[in-house]
Structure formats: structure tokens, C-alpha cells
């Protein structure tokens, strides 16, 4: 990634809270680049430094070390207003006393844009997010999804070089979250926006991203495409975080197959001979009611019915196993015995 093709670039950036040299680092010497016109998600558990990273892009936090570039310009010392960056907050941060049009045109007004032009641009942007005719409504008269669209329009109307999202869907119900997720992705691709997007939700990150940066305790654990991170995790942490994989000690065979407990399987990538780490997703297991080739006996410890699928917990000779399946042929009760089998799908080698 060259500087000229990067919409956002971090070079050895750190953020330390506290004045002393031994104060904890929230972000610890990270470097990455977000290509222009792409959506990169910064993903990780609570406290990993992802929101601090986003706030440093916006200029709301000042790095303790390193430099930040936007469109090739060093913006490390610039204020938020000087960076040509817009941010959509988790809480939407709409002005409750202003109608929709006033909320969207606010940034243009304070920038000195003429009122007629500000209104035209605000109405055009509202149309782009599907809110034509909502000009005179107050935020309190809107649904959560509509408020999210107003917050998005307010950010887009400024025509920023970079658009930032901080957990934008966390306040929405599951169905609306999927809808808004798809709308954000469609809009980003249509307008070729450079977007940095923060979430702790792995499925959300997989759905919207061109690239994902996984963070852990202030450091970058791995960067890659959604498929790379899911199918080729570089560490046990990434394997466990991306899709709830359980990591097992296994033995690679000379023919590329893998021996896991009493089972032999063929991972998609093949495996080197010798001891390996194998990441197994909950969806990779099949539940059988009779022994078969390459099966393993298991005892059910917990069962949860979630409508279209079951979540099952088993005890086996290789340890506790969590299974998600929509193909359970008959009901199981805790204490019942069955057999488990793996196929190559949902099974990955841990490369780190």
C-alpha cells in the first residue's frame, strides 16, 4: 500500500493516557492503510483500542507518538475541522430541537455556505438516504433507523474525504441492523467513499468490509479480507474471535489430512505434517445418532432451540465442543449420547 493510494494511513501510532512513561498504552505502535474508496472495519473486543483509533483519525484524540495521514497529507497536528472528515456516532448525536433539514444542513451553515445552497445540498443528501419529505420532522418523531439515516446524511452532506462510523448499528434491533448494514455498504460502494468503521460484531464486519483490522489490547492482531481472516486466521485469538472457533491441538499427516482425536479430516488448505493448531467453527460439526466413519462419541450437556437452528454443547474426549446446527433430525436431552463428525468446511489451520 503506497501513500498515494491510501485514504487513511497510520505510521507507528500510539496513544497513552497519562503523563508518565509507564502510563498504559490504549494503542500501541500500530501501522495500517485504508485504500481510497474502500471500507475498512476496525474490529475487536471491548478495550482493544478500536474506538481510540477511530477518534485519532477524526482528530478527537491526539496521538502520543507516530503520524496520521489522510489523502497523503499529514494531519497529526490538525484539528477535527481541518481534516475533511465526518463521523457518525453510536448515539447519532442529533440536535433534538432542530428538524431533520436543520440537522443535516448544520455543518454547512457553520462553514459559511449560503442558506439556499445549504438547503439544496441537504435535501439532495436526504434523498440519497431515502428520507425525501422528512425535512420538517424532529428527531423524536423518527424511528431508530430513520435517525440513523439523518446522522448519515449529516455526515455525507459535507462531502468528506473520509467517513467514520463508531458502532453505528448497536442501538438498532436485529432486522433493522441488517437493513441499515446493507444500506451503508451500498451507499459506500456507489459513492466510492473511504470509510473506517468500528464494531465489535464479527458478522457485521464480515458483511460490510473490504478489509478488516483485528485489534487486541492496543495492537493489530491481523489485517486481511473477510475471507482471509475467517479461513486463514493468523493466531488463536483471531481464530476464536472471528466466528467463535474453538482451537484444538491436532496432528498433520503426510498426505495433507489432519488427525483430530479419533477423526481424520481433509482441511481445504491442506496441512503440514506434524503438530498443528486447528480452528473449528460451531457450524462445522454434524450431529449423528449412530457411529460412522470418522465420528467421535459425544454427550450433550446443554441444548438451546433458536427457531431456525439449535445451539448445542457437548463433552467429548477432546474437550468441550459448541455446535450450531439447523439439521438436527430429532430432539436431544442433556445426558444423551450421540456422535459428531467434521467435514473440511468451517475448519482452518491456525498459521501463527
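The values are calculated or read from the model by the stated rules, or taken from the named source; none is laboratory data. None of these values were measured; they are calculated from a predicted model. Note that we place each Cβ from the backbone using ideal geometry, even for glycine, and neighbour counts take in every protein chain shown.
Details
- Residue in the range 155-163 that is free of Cβ contacts under 8 Å to residues at least 60 places away in the same chain, within 26 Å of residue 201 (Cα to Cα) and within 22 Å of the chain's Cα centre (by Cα) present: no
- Elements of type helices (runs of 4 or more DSSP H) in the range 114-207, at least 1 residues being at pLDDT 90 or above, out of contact with any helix residue (DSSP H, G or I) (no Cβ under 6 Å at 6 or more places or on another chain) and farther than 25 Å from residue 102 by Cα: 174-191
- Here residue 250 fulfils each of the conditions (1) buried (at least 17 other Cβ atoms within 10 Å of the Cβ); (2) touching a residue at least 40 places away in the same chain (Cβ under 8 Å); (3) not assigned by TED's automatic domain parsing to the domain that holds residue 203 apart from (2).
- Which listed residue, of 342, 328, is assigned by TED's automatic domain parsing to the domain that holds residue 278, touching a helix residue (DSSP H, G or I) at 6+ places or on another chain (Cβ under 6 Å) and either loosely packed, with under 14 Cβ neighbours inside 10 Å or within 30 Å of residue 227 (Cβ to Cβ) (or both): 342
- Wholly within the range 280-352, strands (runs of 3 or more DSSP E) carrying at least 1 residues that are farther than 29 Å from residue 270 by Cβ: 295-305, 310-316, 337-342
- Checklist (1) in the same structural domain as residue 173 (by TED's automatic domain parsing); (2) assigned to a helix (DSSP H, G or I); (3) crowded, with 19+ Cβ neighbours inside 10 Å applied to residue 212, failing item: (2)
- Any chance residue 217 is in the same structural domain as residue 57 (by TED's automatic domain parsing), out of contact with any strand residue (DSSP E or B) (no Cβ under 7 Å at 6 or more places or on another chain) and closer than 30 Å to residue 64 by Cβ: yes
- Members of the range 274-293 that are over 17 Å from residue 330 (Cβ atoms) and surrounded by 13 or more Cβ atoms within 10 Å (Cβ to Cβ): 276, 277, 278, 279, 280, 281, 282, 283, 284
- Identification of strands (runs of 3 or more DSSP E) wholly contained in the range 1-81 with 1 or more residues that are in contact with a strand residue (DSSP E or B) (Cβ under 6 Å, 6 or more places away or on another chain), closer than 15 Å to residue 198 by Cα and touching a residue at least 12 places away in the same chain (Cβ under 8 Å) yields 6-16, 25-35, 39-43.
- Test: residue in the range 15-31 that is at pLDDT below 90 and at positive phi: yes
- Checking each residue in the range 227-245 for being part of a helix (DSSP H, G or I), at pLDDT 90 or above and surrounded by fewer than 19 Cβ atoms within 10 Å (Cβ to Cβ) picks out 227, 228, 236.
- Taken together, 323, 258 contain a single residue that is touching a helix residue (DSSP H, G or I) at 6+ places or on another chain (Cβ under 9 Å) and crowded, with 17+ Cβ neighbours inside 10 Å, which is 323.
- Candidate set: the range 215-226, residues that are outside any strand (DSSP E or B) and closer than 28 Å to residue 267 by Cα; chosen: the one farthest from the chain's Cα centre (by Cα): 225
- Residue 256 vs. criteria part of a loop (DSSP other than H, G, I, E, B), more than 16 Å from residue 319 (Cβ to Cβ) and either in contact with a strand residue (DSSP E or B) (Cβ under 7 Å, 6 or more places away or on another chain) or not assigned by TED's automatic domain parsing to the domain that holds residue 310 (or both): no
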